[in-house]
1. Restricting attention to the stretch 462-510, report how many residues are more than 27 Å from Phe422 (Cα to Cα) and of a type in the set (Ser, Thr, Tyr).
2. Any residue in the stretch 207-220 that's touching a residue at least 60 places away in the same chain (Cβ under 8 Å) and in the same structural domain as Phe259 (by TED's automatic domain parsing): show its pairings with residues that are in a loop (DSSP other than H, G, I, E, B) and of a type in the set (A, V, I, L, M) at Cβ separation under 7 Å, as long as the two are six or more apart or on different chains.
3. Just to be sure, is Ala354 under 22 Å from Gln388 (Cα atoms) and either modelled with pLDDT of 95 or more or among the aliphatic types (A, V, I, L, M) (or both)?
4. Please enumerate the residues belonging to the stretch 241-277 that are of a type in the set (Val, Ile, Thr) and touching a Pro at 6+ places or on another chain (Cβ under 8 Å).
5. Of the residues that make up the stretch 187-195, is at least one at pLDDT below 90 and out of contact with any Pro (no Cβ under 6 Å at 6 or more places or on another chain)?
6. Counting only residues that are surrounded by 11 or more Cβ atoms within 10 Å (Cβ to Cβ) and under 24 Å from the mean Cα position of the chain (by Cα), give me the strands (runs of 3 or more DSSP E) lying completely in the stretch 230-286 with at least 2 of them.
7. Is one or more of the residues making up the stretch 294-306 on the phi > 0 side of the Ramachandran plot and modelled with pLDDT under 90?
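The values are calculated or read from the model by the stated rules, or taken from the named source; none is laboratory data. Please read all numbers here as calculations on a predicted model, not as lab measurements. Every residue, glycine among them, receives a Cβ derived from its backbone with ideal geometry; neighbour counts consider all protein chains shown.
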Amino acid sequence: MANLSPLHHGIKRVRRYRSVARLGSGVAHWVTAAGWLFLATFGLDWLVGMDNVERIVLLAIEAAVLVWLFKKYLLPVLSVKESLIGIAAKIETHQNVQSDLVAALQFNDADMSQFGSVQLRNQVVEDTASLSTSLDYLFGFSRPELWKSFIKGFGTIAVVVAVAVAVPDYFSVFLQRIALGGDSYPTKTDILSLETMEAHAVVGRPVTFVVRVDENKVMPDSGVLKIRGKNDTESELNLTRTGNTNEYTVTLPRVIDDFSVTALIGDDVAEPKRIKVLQVPRIEFEMKADIPAYAVDSFSVKSTGGRIQSVLAGSNVHPILKSSNNLLKSAVIQLGEESFALTKQDGRWVMPVANHPLIGVESTMKYEISVTDTNGISPDRPITGILQVRPDQNPRIAAATVINLVLSGAAPRIKFRAMDDFGIDTIAADITITRVGMDTSDDTITRMINEPESHVKQIDNTVAIELEDFGLEIGDTVLVTLQVTDYRGKKQGVTIASDPIEFTVTSRANFLAAMRDIDSETDEKLDQIIKAQLGVGDRQ
């Protein structure tokens, strides 16, 4: 049979062309759609300024669209496989060939079962072989459609390139943003920073915001600070330009909860900034007082309201404080003109020295405490107060007698009452005798009246002053003074004397005459005299 190699080569050439045309057209359509999606995303992001979440959602939608376009334009192209017989049939149609190309291919195929006239088959093959060298195999296959697809694809690419060349700064930022970067598009106004003047936002206090812009670009007269608070509530404050500077400021009078802010100046929008609102240190403070042992059972530390506290003189007072919410960095207490830095021990802040003005405190004093937490935040006002020191009052004693005339060997009775805040240690009688005809008195004789055992707070008693041992004569005088000493533990007690009682030694006749004037109410009158000497009312 004749050689059909030119026919085979021609048909395969057509098949390759058609395959490339289909693939090129599909790619061109896909590139066109992807390019315009890219440009649409660029324009939308430029105008709206999408955040990362919005960009991720848009990219996911576009990815789904591109997958759909791939399935529509490219996947069918890749799955098409045309046979030589089918291509030959299309060539016959386009070329209007009288000879049967399909029959010649079939008659020349040794693998196919043949039937009919051998001469006829050979003649068909020879005629086709002679014709195959002169055929324009690509005639009739539409090139314009392929070129249209390519023009659309290259035109789209050209538009993308033109946009990139026209606005390179914007395009470069877009490429970074599409990769989820945080860059912003260039604007006429460029916000450089959004900051607070305060180191921290503190609950209940004002916060001043400072926005700085690029002074080489447009600087409007004002701007807006948007605030988003709890439950997504929004509010706005006007940013005012400070003179001719590149700074804009506004003060939020009072903050309560965490919030976020962003600044809008000109055509630029700052990145949102989260503001965490910190708490003011809440201080728990006490003046722990160690009352002297002798008064522990009788004296209770009292607070008279606020930061005023009453303690007994001689007490050891220990200031102790702690914060119930924030960790403290420092604490200082000022006592009068002296300041002491407290130290931290077991979560509390205490005095660092063993000997300070509050050890054995004797006088009322003011104190002031300043604290700072680890964030550098201090309470609005220092903790101030007064430590009132109540002195241990001196003991009191009053004495009275029925009659001031005595016999030389008598034992006149003196009624007395002794009182003290926390306990009586001793009561003694000082006896001083002045003889008739002498200008000076004998030495004073002291006699103990009670024994210091129970340290009671009040003693009501009557004591007899024995005069028999003094060898007294008529006209001699005896001066008796009772002295009470209070109990103050290891410290020396304070001694207070009563008003002296003077006895005059007289004759029996004069004494009896004086006794006749004493009535039955004498004892009651003595009590009244004693109370008058001690003052109005009894102290407990």
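1. Summing the residues that are more than 27 Å from Phe422 (Cα to Cα) and of a type in the set (Ser, Thr, Tyr) in the stretch 462-510 gives 4.
2. Taking only residues 6 or more apart or on different chains, the pairs are Val207/Val255.
3. Values: under 22 Å from Gln388 (Cα atoms): yes; either modelled with pLDDT of 95 or more or among the aliphatic types (A, V, I, L, M) (or both): yes.
Judged against the criteria, Ala354 is a match.
4. Of the residues in the stretch 241-277, the ones of a type in the set (Val, Ile, Thr) are 242, 245, 249-251, 255-256, 261-262, 265, 269, 275, 277.
Thr251, Val255, Val261, Thr262, Ile265, listed by residue number.
5. Of the residues in the stretch 187-195, the ones at pLDDT below 90 are 187-188.
Among the residues that remain, those that are also out of contact with any Pro (no Cβ under 6 Å at 6 or more places or on another chain) are: 187-188.
For the stretch 187-195, residues at pLDDT below 90 and out of contact with any Pro (no Cβ under 6 Å at 6 or more places or on another chain): present.
6. Details: elements: 234-241, 247-252, 259-265, 273-275.
Output list reads 247-252, 259-265, 273-275.
7. Pass one, the stretch 294-306, residues on the phi > 0 side of the Ramachandran plot: 305-306.
From what's left, modelled with pLDDT under 90: 305-306.
Yes, the stretch 294-306 contains a residue that is on the phi > 0 side of the Ramachandran plot and modelled with pLDDT under 90.
Let's see how each residue does on (1) closer than 21 Å to Arg205 by Cα; (2) of a type outside the set (D, E, K, R):
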residue: Ser222; (1), (2): no, yes
residue: Arg228; (1), (2): yes, no
residue: Ser235; (1), (2): yes, yes
residue: Thr251; (1), (2): yes, yes
